[in-house]
Amino acid sequence: MAFSLPPLINGKSYENADITVNIGGVILTTVTALSYGEEDNIEGVWATGRKQVSYGVGQIKPSGSITLLMQEMQNIIAVAPFGRIQDLPFFNITVSYTDLSLVTVIHRIVNCKFKSNKIDTKTGDTSIPVELPLFIGDIKWK
């Protein structure tokens, strides 16, 4: 008996292989993970009674991280003042989701700084990914 899958209804999806990451005009080729987003500070407003009477919207907090292989990390360390990536000036990250069958999507992560530099490796690792938390000033979604 043959097993057949239903046809794809909406076609191709965006995928990790479609991503190009550019920092300061340099395309990074060893990005293994990328995380970025923003969170609104939305809080309920309380008055008399036991239930919220309204809500307020406060600050927008962007956050994110980038994970690179150690060889790319060493290239960044080589150009950092005194070898500290945290002392690099602010930089922008452009993330492009490009595929011939889809509309190109470009996100700009603005005014970034590396918050820390920490290597974590263990026996059996065949590569050493380095996760770098980012300070992010803003995210331009379009």
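Quick rundown of the values:
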{"item": "Selection within segment 35-94 - more than 24 Å from the chain's Cα centre (by Cα) and small (Gly, Ala, Ser)", "result": "44, 47, 49, 54, 56"}
{"item": "Test: residue in segment 53-60 that is open to solvent by less than 80 Å² (accessible area, probe 1.4 Å), of a type outside the set (Phe, Trp, Tyr), within 27 Å of residue 135 (Cβ to Cβ) and touching a residue at least 24 places away in the same chain (Cβ under 8 Å)", "result": "no"}
{"item": "Pick from segment 106-141, criterion crowded, with 16+ Cβ neighbours inside 10 Å and in contact with a Cys (Cβ under 8 Å, 6 or more places away or on another chain), ranking: farthest from residue 16 (Cα to Cα)", "result": "136"}
{"item": "Residues (within 30 Å of residue 14 (Cα to Cα), open to solvent by 40 Å² or more (accessible area, probe 1.4 Å) and out of contact with any Gly (no Cβ under 8 Å at 6 or more places or on another chain)) located in segment 75-93", "result": "75"}
{"item": "Sole exception among (1) over 23 Å from residue 113 (Cα atoms); (2) in contact with a Phe, Trp or Tyr (Cβ under 9 Å, 6 or more places away or on another chain) for residue 76, by number", "result": "(1)"}
{"item": "Boolean, residue 66 is in contact with a helix residue (DSSP H, G or I) (Cβ under 8 Å, 6 or more places away or on another chain), open to solvent by less than 80 Å² (accessible area, probe 1.4 Å), within 27 Å of residue 17 (Cα to Cα) and not in a loop (DSSP other than H, G, I, E, B)", "result": "no"}
{"item": "In segment 22-52, the residues that are free of Cβ contacts under 8 Å to residues at least 60 places away in the same chain, assigned to a strand (DSSP E or B) and open to solvent by less than 50 Å² (accessible area, probe 1.4 Å)", "result": "28, 31, 44"}
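For every residue, the table says whether it meets (1) more than 18 Å from residue 31 (Cα to Cα); (2) at pLDDT 95 or above.
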| residue | (1), (2) |
| --- | --- |
| 61 | yes, yes |
| 64 | no, yes |
| 73 | no, no |
| 86 | yes, yes |
| 97 | no, no |
| 101 | yes, no |
| 120 | no, no |
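The values are calculated or read from the model by the stated rules, or taken from the named source; none is laboratory data. Predicted, not measured: the structure shown is a model, and the values here were computed from it. Don't worry about glycine lacking a Cβ; one is built from the backbone with ideal geometry, like all the others, and counts go over all protein chains shown. These accessible areas exclude ligands, DNA and RNA; they are computed on the full protein's heavy atoms, side chains included. Shrake-Rupley method; radii C 1.70, N 1.55, O 1.52, S 1.80 Å.
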